[in-house]
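The values are calculated or read from the model by the stated rules, or taken from the named source; none is laboratory data. Please read these numbers as outputs of a predicted model, since none were measured by experiment. Cβ sites come from the backbone with ideal geometry, for glycine too, and all protein chains shown count toward neighbours.
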Amino acid sequence: SSLPSAFPTLSASPTFNPTRRPTNRPTPRPTNRPTNKPISLPSSFRLRLHWEKGDFWQDESWEKWFCMACADCNSNIFDENCDDVNYCRDGMMLALAECRPNQRTDAAKFSLLPGRNLFADDLEGDQIQVSNSNLCLSLVSARMLKLETCNASKIEQRFTGFRSGGNAMEIVPAKVSKKDGIVVEKCLTQHHHPREGERIYSEVCRLARISDTNLWSTY
């Protein structure tokens, strides 16, 4: 039989040289960016000024139904009363209309255009679009809201506060409002105890909470 050699055979250099670098490099960044959690709402809805038991609007305790409607309003923002209409067009403002179930109403219907991936467009919030149109709510001054052509790149058309189920939400303009360098918390409201035809503003939330007119629900 053959006996093993006393010493292993040595070669001058390794038979196989290692590669200089890894064959597969890691990707420089994740290929799939995180996405925002979707908000579950109906495809089309009215926005109702939220009422709950205990609210005492106009010294009355029974349930009230007021919704956002497109409206012809005086250009003077201090004139609160508007004429509700059953159509919407560019440049119109928004006001309250009665919207009790099973009754005729001028209240508009809306759809939510969710904000895209925050990494993709940097803007927070969602757009509120008039259903079956290319019109969106837009903040045109510190207080005034109007309907304008939808443009996802405009911070003035972004609003936060929507959540799944669409119940009791403060709708907040994404554009930050400041006074004397201090951020002022604002939300959509008509400010005091509601009446039909009253214009909807971006108002200081603290004031709207006093009269329980700071919340909205989908309907």
Residue, farthest from the chain's Cα centre (by Cα), within the range 131-151, restricted to residues that are surrounded by 15 or more Cβ atoms within 10 Å (Cβ to Cβ) and within 14 Å of PHE110 (Cβ to Cβ): SER133
Some residue of the range 194-202 being under 11 Å from the mean Cα position of the chain (by Cα), within 16 Å of MET92 (Cα to Cα) and at pLDDT 90 or above: no
Pair list, Cβ under 7 Å, 6 or more apart: the range 98-111 residue without any contact (Cβ under 8 Å) to a residue 60 or more places away in the chain, other residue of a type outside the set (S, T, N, Q) and surrounded by fewer than 17 Cβ atoms within 10 Å (Cβ to Cβ): ASP106/VAL85
Single match in GLU156, GLU124 (criterion: more than 23 Å from TRP65 (Cβ to Cβ), crowded, with 18+ Cβ neighbours inside 10 Å, without any contact (Cβ under 8 Å) to a residue 60 or more places away in the chain and within 18 Å of the chain's Cα centre (by Cα)): GLU156
Subset tally (residues that are part of a loop (DSSP other than H, G, I, E, B) and out of contact with any Cys (no Cβ under 8 Å at 6 or more places or on another chain)) for the range 176-219: 15
Unique residue being in contact with a His (Cβ under 7 Å, 6 or more places away or on another chain) and either more than 25 Å from ASP59 (Cβ to Cβ) or touching a residue at least 12 places away in the same chain (Cβ under 8 Å) (or both) when the list is LEU188, LEU207, LEU139, LEU145: LEU207
